[in-house]
1. Would you call residue 117 part of a loop (DSSP other than H, G, I, E, B) and either touching a residue at least 40 places away in the same chain (Cβ under 8 Å) or surrounded by 18 or more Cβ atoms within 10 Å (Cβ to Cβ) (or both)?
2. With 20, 10, 113, 109 as the choices, which residue is over 18 Å from the mean Cα position of the chain (by Cα) and under 23 Å from residue 134 (Cβ atoms)?
3. What about residue 47, is it surrounded by 13 or more Cβ atoms within 10 Å (Cβ to Cβ) and without any contact (Cβ under 8 Å) to a residue 40 or more places away in the chain?
4. Can you name the number of the only condition in (1) under 27 Å from residue 185 (Cα atoms); (2) assigned to a strand (DSSP E or B); (3) not charged (D, E, K, R) that residue 58 fails?
5. So which of 15, 66 is surrounded by fewer than 16 Cβ atoms within 10 Å (Cβ to Cβ), of a type outside the set (Asp, Glu) and either touching a Lys or Arg at 6+ places or on another chain (Cβ under 8 Å) or modelled with pLDDT under 95 (or both)?
6. If you check residue 91 against the conditions, is it closer than 20 Å to residue 150 by Cα and of a type in the set (S, T, N, Q)?
7. Just need a number here: residues in the range 72-88 that are assigned to a helix (DSSP H, G or I) and under 23 Å from the mean Cα position of the chain (by Cα).
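The values are calculated or read from the model by the stated rules, or taken from the named source; none is laboratory data. Computed from a prediction, not measured in an experiment: that's the story for all the values here. Every residue, glycine as well, gets a Cβ built from its backbone with ideal geometry; the counts of neighbours run over all protein chains shown.
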Amino acid sequence: MILDLNQVSKTFPDGTEALKNISFSLESGDFCVIGGANGSGKSVLMSLIAKLENPTSGKIATEYAGLVFQEADSQILGETPLEDVFYSLTNTGLKPAAAKEKALKLLEKVGLKEKAEHNARTLSGGEKRRLAVASVLALEPNIIIFDEPFANLDWKSVKQLCNLLLELKNQGKTIILLTHEIEKILALANRFLILYKGEIVFDGNPETGLKENLENYVSNHWLASLWQQFHFLSFASFHLKEKPIPFDNFYTKVQPLHSMHQPPFATFAKFALVAHWQTHT
């Protein structure tokens with residue numbers, strides 16, 4: 001067991017109960033998606049697992065966890081991607097030559113080797129997030145926690161990040177991903193939790209979760225009203241046996257249909273296909 005929470009609660013000085021009696025455990029290699037609307041307690045839970053804060057009550061037994069923040073800029077310390085990862089590695093005691101060699105390998109792993117000497121601040125949002133992953137991997141954590149990794153990313157960056165998460169999963173990494181955009185990643189998970197007002201309202205596998213009436217807990221915006229469409233498309237993605245439509249071809253066809261001012265059903269179709277593509281790749 002790589003993580004175990006037993007009756008964990010968190011109450012802030014003003015009396016706000018952020019988490020109430022949270023209990024669950026993970027094994028090495030698990031990919032756990034934790035969903036819930038903004039304010040459900042996801043970020044507080046992340047902070048407790050990463051030992052950034054202490055619980056008010058309960059016990060947490062965990063191995064070392066590395067954290068990829070939602071705002072990746074806050075994790076960039078070097079002027080270039082190479083410097084940033086190099087800095088993390090020197091903190092592990094590696095000599096400069098060995099640290100540089102390993103930093104380049106990590107940047108290659110996350111698809112940033114060609115930008116190793118670029119100004120890190122000019123990278124795209126998705127590239128900065130992948131750089132943060134490289135820096136976290138440099139510290140060799142037992143658990144990698146992603147906090148809202150798809151926030152403010154365009155579709156191309158979402159695709160790149162999904163590819164990276166798939167690779168990490170295939171390498172046997174233990175991953176906890178906290179998001180209210182579960183439609184983008186649920187197909188990769190073997191564990192699915194939903195938080196609502198600081199409590200776990202669902203804990204099980206994704207296929208079971210998609211059969212449940214969870215729309216009141218998942219989100220407080222249009223995602224809830226379209227749960228039925230998402231439910232159907234995502235659940236189907238677990239069972240389709242044919243080779244999926246080429247990823248980029250589908251993106252080219254569907255992307256023009258999607259905007260903030262149009263019904264977002266195309267978005268659900270798109271990400272359901274992503275799920276299908278991920279489970280068959």
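1. No; evaluated as a whole, the condition is false for this residue.
2. 113
3. Judged against the criteria, residue 47 is a match.
4. Just one mismatch for residue 58, condition (1).
5. 15
6. Against the criterion (closer than 20 Å to residue 150 by Cα and of a type in the set (S, T, N, Q)), residue 91 does not qualify.
7. Residues that pass the stated criteria total 8.
For every residue, the table says whether it meets (1) under 24 Å from residue 206 (Cβ atoms); (2) modelled with pLDDT of 90 or more.
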site: 29; (1), (2): yes, yes
site: 75; (1), (2): no, no
site: 81; (1), (2): no, yes
site: 85; (1), (2): no, yes
site: 90; (1), (2): no, no
